[in-house]
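Working notes for the structure below.
The values are calculated or read from the model by the stated rules, or taken from the named source; none is laboratory data. In this text, all values refer to a predicted model and were calculated from it rather than measured experimentally. In this analysis, Cβ positions are derived from the backbone assuming ideal geometry, glycine residues included, and neighbour counts consider all displayed protein chains. Calculation scope for accessible area: heavy atoms of the full protein, side chains included, ligands and nucleic acids excluded. Shrake-Rupley method; radii C 1.70, N 1.55, O 1.52, S 1.80 Å.
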Amino acid sequence: MSQFKYVNEINSLFTLEGPLTRGPPLRFQKKGQENFNTSNLNMNNSSKSKSTLNNSTSKTPTKNGGSDVVRFGRKTPSKTPSKGKSKSTTPTPNKGSKTPNGDRFIPSRSATNFDFAHFKLNLNDNEENGAKTLELQKQICDSLNGESISKQRILSYQKKAPSAPEGFVNPMRVIYSQTKTPASVKSNNRYIPQAPDRILDAPDIIDDYYLNLMDWSANNVLAAALGAQVYLWNAGTGNIEQLLELQGNDYICSLAWIQAGDYLAVGTTTGTVELWDCSAFKRLRSMTGHSARVGSLAWNNYVLTSGCRTGQMIHHDVRQREHLLSTISAHSQEICGLKWSPDGKYLASGGNDNVLNIWPSVSGGFHSQNQPLHTLTAHQAAVKALAWCPWQPHVLASGGGTADRHIRFWNCNTGACLNAVDTKSQVCSILWSSHYKELISGHGFANNELIIWKYPGMTKVTELTGHTARVLHLAMSPDGSTVLSAGADETLRLWKCFAVNSVKKKEVQAKSKSSVLKQSIR
């Protein structure tokens, strides 16, 4: 049998699949044994501590000398004992509240009007349309969608958001409940000072509706005719100098600066038109041709157009010795308004015969043809206030006298009246703003005020009061921010009503730089 025992031992040594019965214990077996021993030790220690605690409490008396048993309401006793006041059991708000489930909302495609959503997203809020156009768009949208635009929703959800639990207070409620002002309202509600920036005295200014006695040059010099004298006020330095003074009973009837330069045209009661170099304080020439006072003047490059009391209109070429280019019988009564369009294609003339004429320019020249393109008779009083739109050269604004009191807008390409507004006062002058889509008008009887209008809706932006007599003339500063008003109360008032904010000024400068760059690239 011994040989079998020996063979079995040899076979067990070479067996690999069975468990190892010899040799040192493996690592995981050592680890398990150590953990088992540690747990047994902890259990023994805990049992000993409990027995010790029971023995100590039974031997230690209480402070009050009462029962020897100490009772624990909690596992760990509190450090600060209660002082007889019971703590409030009311839960703290927001402490026990939980965030409502389902905070992700997915819009329902079947309940969403994608066409209307695309229209609303592409709608330009800053686009300024007339009241009639906006009303027409509202009616069309109402008829297409079956309900008002204000009730239409771009996104629609199948389930509403779950309401917050009772007592839940959102700490961000104050921040998000503040209403934000739309950009369109901010742009419309810009600050316009209601008091003039400066008031200048204008003694002996003639109170005559048909004259044009103020003009502001591109070099920031204001020319003012006070009786028989012409004064120059440099708005940059504040210097005031006298340019000329007529002799006898003559007085100045009209003034007009050339578009670029220091040349000033002066119309007198004798029918002559004088040309002055204001930088040298020298009269260059005196041009004749009229038989009555010259109440209106207008420049188009080197051509000066003058209108007189007889209704006659003359074009002067100031470069030539023979200055008369043409003489036209434009009106049956005095011409009190003359304006060339910014592009030099049209000349507007208004007279005391309640007629407004639009004259086309000759091809290749700077004077008008002898026949008017349009003869407009809608005004019921003298037409003195004339102003061309700076961004629409074919649009003309005209104002009527006391019996008319209307501001009318004309399309000079077609001769159609675009709009008419009753101002309730005599319209003496009109100016367009170059920074805003607005215009300002000066009025006489009965309100003697200035009104700023929003174009094209012609809603009142503000009314500027202060003159005690009718506002006869208006002039715009070269930067387009300040308006000068001359009243029959012998005062000149400067209003900073079209000041541009710094953000918009930077945008304008950026646009001007890009336009120059585009012009240089061919």
Note on the range 373-384: residues in a loop (DSSP other than H, G, I, E, B), more than 14 Å from Leu338 (Cα to Cα) and open to solvent by less than 40 Å² (accessible area, probe 1.4 Å) are Ala378, His379, Ala381
Looking only at the range 334-347, decide whether some residue is assigned to a loop (DSSP other than H, G, I, E, B), open to solvent by 30 Å² or more (accessible area, probe 1.4 Å), farther than 24 Å from Lys454 by Cα and touching an Asp or Glu at 6+ places or on another chain (Cβ under 6 Å). no
Condition first: open to solvent by less than 10 Å² (accessible area, probe 1.4 Å) and under 24 Å from Gly364 (Cα atoms). Now tell me which residues in the range 301-316 satisfy that. Val303, Leu304, Thr305, Ser306, Gly307, Met313, Ile314, His315, His316
Is there a residue being open to solvent by less than 10 Å² (accessible area, probe 1.4 Å), over 15 Å from Asn212 (Cβ atoms) and not in a strand (DSSP E or B) anywhere in the range 235-256? no
Only strands (runs of 3 or more DSSP E) wholly contained in the range 388-484 count here; list those with 2 or more residues that are of a type in the set (Phe, Trp, Tyr) and open to solvent by less than 50 Å² (accessible area, probe 1.4 Å). 406-411
List the number of the failed condition for Glu449; all other conditions in (1) more than 24 Å from Asp207 (Cβ to Cβ); (2) without any contact (Cβ under 8 Å) to a residue 40 or more places away in the chain hold. (1)
Over the range 196-219, the set of residues part of a loop (DSSP other than H, G, I, E, B) and open to solvent by 50 Å² or more (accessible area, probe 1.4 Å) is Asp197, Pro203, Asp204, Asp207, Tyr210, Ala218, Asn219
Please find, among Arg321, Arg283, the residue that is among the charged types (D, E, K, R), open to solvent by 70 Å² or more (accessible area, probe 1.4 Å) and modelled with pLDDT of 95 or more. Arg283
Selection count where residues are under 39 Å from the mean Cα position of the chain (by Cα) and hydroxyl-bearing (Ser, Thr, Tyr), scope the range 234-268: 3
Quick one: in the range 348-367, of everything that is part of a strand (DSSP E or B) and not small (Gly, Ala, Ser), which residue is most open to solvent (accessible area, probe 1.4 Å)? Pro360
Residues satisfying the stated conditions in the range 485-508, i.e. surrounded by fewer than 14 Cβ atoms within 10 Å (Cβ to Cβ) and either at pLDDT 95 or above or among the acidic types (Asp, Glu) (or both): Glu507
In this structure, does Asn370 turn out to be without any contact (Cβ under 8 Å) to a residue 60 or more places away in the chain, surrounded by fewer than 16 Cβ atoms within 10 Å (Cβ to Cβ) and part of a loop (DSSP other than H, G, I, E, B)? yes
